[in-house]
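To keep things clear, I will list the structure first and then write my remarks on it.
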2 protein chains.
Amino acid sequence: MPEPPTPSPPGPPESRRELNRRATHEAITAAALRLAREHGAGGFTVDTLAEAAGISRRTFFNYFPSIEAAVTQPVEEFLDRAFARLYERPADEPIVDAVLAAITGDVGQEEMALLCEVYSMSADDEQLERMQLWIWDKAQQKLEEGLKPRLPADSSELLTDALAGSIIACAKAAMRQASGQTAPGQAADPQAFHDLLLASLDLLRAGFNTNGSIPHPKDN
Amino acid sequence: MPEPPTPSPPGPPESRRELNRRATHEAITAAALRLAREHGAGGFTVDTLAEAAGISRRTFFNYFPSIEAAVTQPVEEFLDRAFARLYERPADEPIVDAVLAAITGDVGQEEMALLCEVYSMSADDEQLERMQLWIWDKAQQKLEEGLKPRLPADSSELLTDALAGSIIACAKAAMRQASGQTAPGQAADPQAFHDLLLASLDLLRAGFNTNGSIPHPKDN
DNA sequence: TGTAATTTTGCATCCTGTGCAAGTTTGGCC
DNA sequence: GGCCAAACTTGCACAGGATGCAAAATTACA
């Protein structure tokens with residue numbers, strides 16, 4: 001029943017099972033995205049989605065625990081890839097540079113647009129918003145792990161935690177700005193996201209100041 | 001039917017309606033907390049909770065949209081108070097100091113213990129975890145508003161966003177450490193939380209470095 | 001005391017999410 | 001090919017979440 005997915009990336013030859021699995025998986029995410037665009041993330045039921053994807057309601061739940069999980073799937077995948085890439089960066093690279101490179105590594109135009117779109121969808125749907133917060137939080141935990149080998153061995157948990165959280169906060173801020181700027185119709189620009197992320201990480205690295213301390217009202 | 005709440009703080013004399021409302025509200029949160037302690041946050045149904053609070057299932061949903069919302073109510077209230085207090089701090093106080101004072105302002109021993117307890121409960125319950133992430137995110141939005149008057153007028157949204165997010169990340173890190181340290185039975189200490197928060201905010205203010213830049217693996 | 005506003009409650013209804021068992025497809029082996 | 005086992009899909013059942021609605025109870029106030 002399921003059509004084989006269009007791009008078959010290199011690697012070990014996939015069995016028919018893996019092929020089918022990937023195909024339904026993509027059918028679901030595609031249908032979920034389409035329906036979310038049409039009716040909002042909370043504007044349709046699992047039955048509708050299952051029918052649109054050509055599977056049974058029960059099968060949907062074999063793949064995803066909720067509609068939101070299906071809609072945010074691209075975000076999760078992106079963040080997984082991004083922070084996995086951290087381990088491929090040279091060990092002596094400064095943390096901020098490594099993170100920047102890892103996150104903005106291989107983001108294409110369409111993926112960037114998709115990420116922004118899903119990000120901004122959460123404005124209209126609380127469930128989706130919470131899901132996305134959760135995904136970013138999971139990413140933060142991955143980042144903490146990835147950061148440990150790059151921090152002095154005697155670093156406190158507090159530092160690791162606060163630093164990872166701050167970096168994630170910068171990434172979210174950059175994503176949010178990119179989403180906001182994308183709304184007016186112009187194509188989402190990976191370069192713009194890269195620049196925003198770089199800018200926010202620079203702010204972080206400087207302790208959010210340009211002249212000695214976090215800006216006071218009177219400081220300039 | 002509902003008992004009047006124990007402490008009736010000063011202010012305009014409450015009508016019977018307001019009194020009853022407060023009473024059932026507290027009855028619900030108290031029952032929710034008790035049940036969450038006994039069975040975990042996801043370990044009981046709304047029917048059980050409603051019965052324990054002495055109300056009907058339907059009435060519960062007039063007060064809270066979910067069990068998690070009832071359990072995390074103290075956290076939400078705390079963060080609301082905390083960031084509202086930001087507006088009472090002197091306008092020329094450095095941001096970090098103002099935030100520190102606002103958050104650790106009037107936290108009592110019991111409240112601190114409660115916050116830590118709820119925080120650590122989310123380890124066993126995904127719904128509760130997402131709820132709490134959402135509450136902290138709402139707090140971040142409040143913080144952004146409170147930050148604006150304290151930042152140069154020409155500050156970018158990116159800066160406001162990234163700074164607020166980083167501060168929240170520090171607060172969460174401090175809360176997490178406090179929760180972790182509290183587990184071993186010793187009473188939760190507001191002072192310890194204050195110190196943790198101060199430490200993390202100092203790290204943030206210093207751009208997470210002690211000697212010039214975010215620490216490299218070889219830097220010490 | 002009577003009337004209007006507010007709250008509680010039960011009921012109906014739709015939807016989510018999961019266990020289970022029967023059916024179907026795929027992989028591997030003779 | 002034919003056959004068995006593993007994996008996957010599907011329908012069904014069921015507990016529970018969440019909301020609208022209208023009747024009943026409570027409270028406010030003139």
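The values are calculated or read from the model by the stated rules, or taken from the named source; none is laboratory data. Not measured: the values here are computed from a predicted model. Neighbour counts run over all protein chains shown; Cβ positions are idealised from the backbone, glycine included. For the accessible areas, the whole protein counts, side chains as well, though only heavy atoms, and no ligand, DNA or RNA atoms are used. Shrake-Rupley method; radii C 1.70, N 1.55, O 1.52, S 1.80 Å.
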Being at negative phi and more than 10 Å from chain B (Cβ to nearest Cβ) is the filter; apply it to the stretch A:196-214 and report the residue that is modelled with the lowest pLDDT.
-> A:ASN211
Over the stretch A:39-50, the set of residues loosely packed, with under 15 Cβ neighbours inside 10 Å and more than 9 Å from DNA strand C (Cβ to nearest atom) is A:HIS39, A:GLY40, A:GLY43
Read through the list (1) at pLDDT 95 or above; (2) open to solvent by 30 Å² or more (accessible area, probe 1.4 Å); (3) not in a loop (DSSP other than H, G, I, E, B), then give the number of the only condition that B:GLU18 fails.
-> (1)
Those helices (runs of 4 or more DSSP H) completely within the stretch B:31-135 that have 3 or more residues that are in contact (Cβ under 8 Å) with a residue 24 or more places away in the chain and not basic (Lys, Arg) are B:57-63, B:67-71, B:73-84, B:95-103, B:109-121
Say we look at the stretch A:56-65 and pick out the residues that are exposed (fewer than 13 other Cβ atoms within 10 Å of the Cβ) and of a type in the set (S, T, N, Q); which of these is farthest from A:GLN127 (Cα to Cα)?
-> A:SER56
Say whether the condition of being away from DNA strand C (no atom under 11 Å from the Cβ), of a type in the set (Asp, Glu) and assigned by TED's automatic domain parsing to the domain that holds A:ALA101 is met by at least one residue in the stretch A:66-79.
-> yes
Which one is farthest from the other protein chains (Cβ to nearest Cβ), of the residues in the stretch B:35-59 that are in contact with a helix residue (DSSP H, G or I) (Cβ under 7 Å, 6 or more places away or on another chain) and away from DNA strand D (no atom under 12 Å from the Cβ)?
-> B:GLY54
Would you please name the residue that is nearest to the other protein chains (Cβ to nearest Cβ), looking only at residues in the stretch B:126-157 that are touching a helix residue (DSSP H, G or I) at 6+ places or on another chain (Cβ under 6 Å), open to solvent by 30 Å² or more (accessible area, probe 1.4 Å) and over 18 Å from A:ARG176 (Cα atoms)?
-> B:ARG130
Would you check which residues across the stretch B:153-177 are of a type outside the set (Ser, Thr, Tyr) and modelled with pLDDT under 95 and list them?
-> B:ALA153, B:ASP154
Residue that is aliphatic (A, V, I, L, M), open to solvent by less than 30 Å² (accessible area, probe 1.4 Å), more than 21 Å from B:MET131 (Cα to Cα) and in contact with a Phe, Trp or Tyr (Cβ under 9 Å, 6 or more places away or on another chain), where the choices are B:ALA53, B:ALA32, B:ALA36 | B:ALA53
